[in-house]
Amino acid sequence: MSKSAIKGKAPLIRFILIAGAFLFFLPSLLAQYDYNDNCQHTYQAILSLQFAEARKLIDTEKKADPANLLPVYFENYIDYLTLFIGEDRSQYELLKGRMSDRITRLEHGRQDSPYYRFCLAQGYLQWASARLKFGDYTAAAFEIRKAHQLFTENKVKFPDFLINNLGLGIVHVVGGIVPESYRWIAGIMGVDGSVEGGLNEIRRVAGYAGPDKITSLYRPEASFYLAFLAGNLQKNKKDALPVIRFLIAQNTEAQSKSPLMIFAGATILMKNGLNDEALALLQEREALTMRFPFVYLDYLEGMARLNNLDFSALHLFEQFSGNFRGQNYIRSAYQKMAWIALLRGDTARYRQTLKLVLVMGVSVVDEDKQAYSEAASGVLPNVILLRARLLFDGGYYHRSMKELLDNSISRSVRSTRDLIEYNYRLGRIYHETGNYGRAVEYYRLTIQRGKTEPYYFAASAAYQMGLLFENRGEWSKADSAYRLCLTINTPEYKASLGQKAKAGLIRVKKTGPKT
């Protein structure tokens, strides 16, 4: 080719190179976050676990506006909920490979949008949560670190972008409750968090009453987290009830009802002794169709029925253990099936069913650890104390007290463990019915007799005593009780009690008199 020909083609070559570069970066230049009506409906479908409907809406949006990156964020949200609710490890191995591609695509978004860092941070936070579920703690810690950095930068750049507080608040709560045995995770995360500070950030979204449609859209999700975290970490579990009332009131239309909201509502209602109300809420899910299966709700309804000594709970525990693809609460479900046999007077079936606790599931959550401990001990539970425990957990306090006081001590107490539990049950009943003096008396008896035994009663009594003193403004006594809880070494409920006691100490230090 002659020099003149090459020279003549030079402008064309230059155009191709420039155009090619432009087209390469075009997705980055045009990528946007258009939270239009279609995307709002997609988000609501995801929260309602209507994943098939959400995917149809996502496909529609991709065709209508290929540059909109919100569908990428929504696809990640669906994967996260699929893993978090389903706990299927094979699904985890399949889906986790999609994360890096999604992150890369989100990174091509417009950095002058508050949604840029928000969507990226949410993606990291969602995957961190999924990884924690499957024991990938190191990867989860690094992802929480990235999420925290992005949420923090976003808050500085866009201080009026309220929904950013939702993710930032969750990260701060997580940073504030890392157990002492996992402090290395906190080191990787690099999050200086606090439970109260995080909850206040979430409250800013949950309590929003302004005109912005997108912030209002996120109110139910924020309320879900606020209720669940407040119900588990705050000094007064009743503080979560107004939030749950809001969620239940908002969760009305059959087409938009969310099993997630039913889960949160039932959990908080049960923690507050409102068992009948929780059961009614759980039974509403029977009318919900075309949703991702939330099998754990079978377990939860089984517990609500069993707490009223309704043995029809058996088939719900059987459904849960037969259909759930995860491993958490499996041991607990078999334990509850065994309890039903025992309460019916069938000791042989109790022992036969309890053997499955030793070979099925895992011992990660406290309920499974306690179930395994019972199965490994070979000790038959005291039926009177078991009935009293279940009735108490359902909020049937007078019936629970009647179980204890209508039977002689010789029938109710047959071992050291029985005596410790007997005192603990009385302390809990007196506490919930407002007789605080008697509650403290029985808590102290429980601690005195049980602090060196391998049962959770003494540690729980110390924690409950801390709550009682804190709610009465007796800061020094509350501090001592929480610290005592942390020193009592028991394999049962250690993780959750430790987290709650630690949160209590932080509250007392913040609220109590400064020394």
*Take the range 376-392 and flag every residue that is assigned to a helix (DSSP H, G or I), farther than 17 Å from Glu492 by Cα and not aromatic (Phe, Trp, Tyr).*
Val383, Ile384, Leu385, Arg387, Ala388, Leu390, Leu391
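Name the residues in the range 367-410 that are among the charged types (D, E, K, R) and assigned by TED's automatic domain parsing to the domain that holds Leu356, would you? Working first, answer last.
Step one: filter the range 367-410 for residues among the charged types (D, E, K, R), giving 367-369, 374, 387, 389, 393, 399, 402-403, 406.
Hits for the range 367-410 are Glu367, Asp368, Lys369, Glu374.
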*Going through the range 486-507 one residue at a time, which ones are in contact with a Lys or Arg (Cβ under 9 Å, 6 or more places away or on another chain) and within 21 Å of Val174 (Cα to Cα)?*
Leu486, Tyr493, Lys494, Ala495, Ala501, Ala503, Gly504, Leu505, Arg507
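Of all residues in the range 304-338, count the ones that are under 20 Å from Tyr397 (Cα atoms), touching a helix residue (DSSP H, G or I) at 6+ places or on another chain (Cβ under 7 Å) and not small (Gly, Ala, Ser). So that I can check it myself, show each step before the final result.
Of all residues in the range 304-338, those under 20 Å from Tyr397 (Cα atoms) come to 304-311.
The next check asks that each one be touching a helix residue (DSSP H, G or I) at 6+ places or on another chain (Cβ under 7 Å); those that pass are 304-309, 311.
Now narrow it down to the ones that are not small (Gly, Ala, Ser): 305-309, 311.
Of the residues in the range 304-338, 6 are under 20 Å from Tyr397 (Cα atoms), touching a helix residue (DSSP H, G or I) at 6+ places or on another chain (Cβ under 7 Å) and not small (Gly, Ala, Ser).
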*Which condition number does Tyr225 fail, the rest of (1) modelled with pLDDT under 90; (2) farther than 22 Å from Asp366 by Cβ being met?*
(2)
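Among Ala348, Ala264, Ala278, which is the only one that is farther than 22 Å from Arg387 by Cβ and in a helix (DSSP H, G or I)? Don't jump to the end; show me each part of the working.
On the way: Ala348 fails: farther than 22 Å from Arg387 by Cβ; Ala278 fails: farther than 22 Å from Arg387 by Cβ.
Sole residue among the options that is farther than 22 Å from Arg387 by Cβ and in a helix (DSSP H, G or I): Ala264.
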*Residue within the range 282-291 that is buried (at least 21 other Cβ atoms within 10 Å of the Cβ) and either at pLDDT 95 or above or assigned to a helix (DSSP H, G or I) (or both) present*: yes
*Looking at (1) in contact (Cβ under 8 Å) with a residue 40 or more places away in the chain; (2) under 20 Å from Asp239 (Cβ atoms); (3) touching a helix residue (DSSP H, G or I) at 6+ places or on another chain (Cβ under 6 Å), find the lone condition where Gln499 falls short.*
(3)
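Does Thr416 satisfy the condition of being out of contact with any Lys or Arg (no Cβ under 9 Å at 6 or more places or on another chain), among the β-branched types (Val, Ile, Thr), more than 21 Å from Val508 (Cβ to Cβ) and surrounded by fewer than 22 Cβ atoms within 10 Å (Cβ to Cβ)?
No; evaluated as a whole, the condition is false for this residue.
So for the range 324-340 (the condition being touching a residue at least 60 places away in the same chain (Cβ under 8 Å), hydrophobic (A, V, I, L, M, F, W, C) and either in a helix (DSSP H, G or I) or surrounded by fewer than 17 Cβ atoms within 10 Å (Cβ to Cβ) (or both)), does at least one residue qualify?
First, pick out the residues of the range 324-340 that are touching a residue at least 60 places away in the same chain (Cβ under 8 Å): 324-328.
Restricting the remaining residues to those that are hydrophobic (A, V, I, L, M, F, W, C) gives 324.
Still in the list and also either in a helix (DSSP H, G or I) or surrounded by fewer than 17 Cβ atoms within 10 Å (Cβ to Cβ) (or both): none.
No; the residues of the range 324-340 include none that is touching a residue at least 60 places away in the same chain (Cβ under 8 Å), hydrophobic (A, V, I, L, M, F, W, C) and either in a helix (DSSP H, G or I) or surrounded by fewer than 17 Cβ atoms within 10 Å (Cβ to Cβ) (or both).
Taking the range 40-64, which residues are more than 21 Å from Arg219 (Cα to Cα) and either aromatic (Phe, Trp, Tyr) or touching a strand residue (DSSP E or B) at 6+ places or on another chain (Cβ under 7 Å) (or both)? Write out each step before concluding.
From the range 40-64, those more than 21 Å from Arg219 (Cα to Cα) are 52-53, 55-64; that's our starting set.
The answer is Glu61, and nothing else.
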*Select, from Leu281, Leu260, Leu247, the only residue that is of a type outside the set (Ser, Thr, Tyr), touching a Gly at 6+ places or on another chain (Cβ under 8 Å) and more than 25 Å from Phe392 (Cβ to Cβ).*
Leu247
*Sort out which residues of the range 46-80 are modelled with pLDDT under 95, of a type in the set (Gly, Ala, Ser) and closer than 22 Å to Phe263 by Cα, and write them in order of number.*
Ser48
*Do we have any residue at all in the range 203-220 that's closer than 30 Å to Tyr482 by Cα, in a helix (DSSP H, G or I) and within 15 Å of the chain's Cα centre (by Cα)?*
no
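Scanning the range 468-497 for residues that are β-branched (Val, Ile, Thr) and outside any helix (DSSP H, G or I), which turns out surrounded by the fewest Cβ atoms within 10 Å (Cβ to Cβ)?
Of the range 468-497, the ones β-branched (Val, Ile, Thr) are 487-488, 490.
Restricting the remaining residues to those that are outside any helix (DSSP H, G or I) gives 488, 490.
Details: Ile488: 23, Thr490: 20.
My answer is Thr490.
The values are calculated or read from the model by the stated rules, or taken from the named source; none is laboratory data. Everything quoted here is computed from the prediction, not taken from an experiment. Note that we place each Cβ from the backbone using ideal geometry, even for glycine, and neighbour counts take in every protein chain shown.
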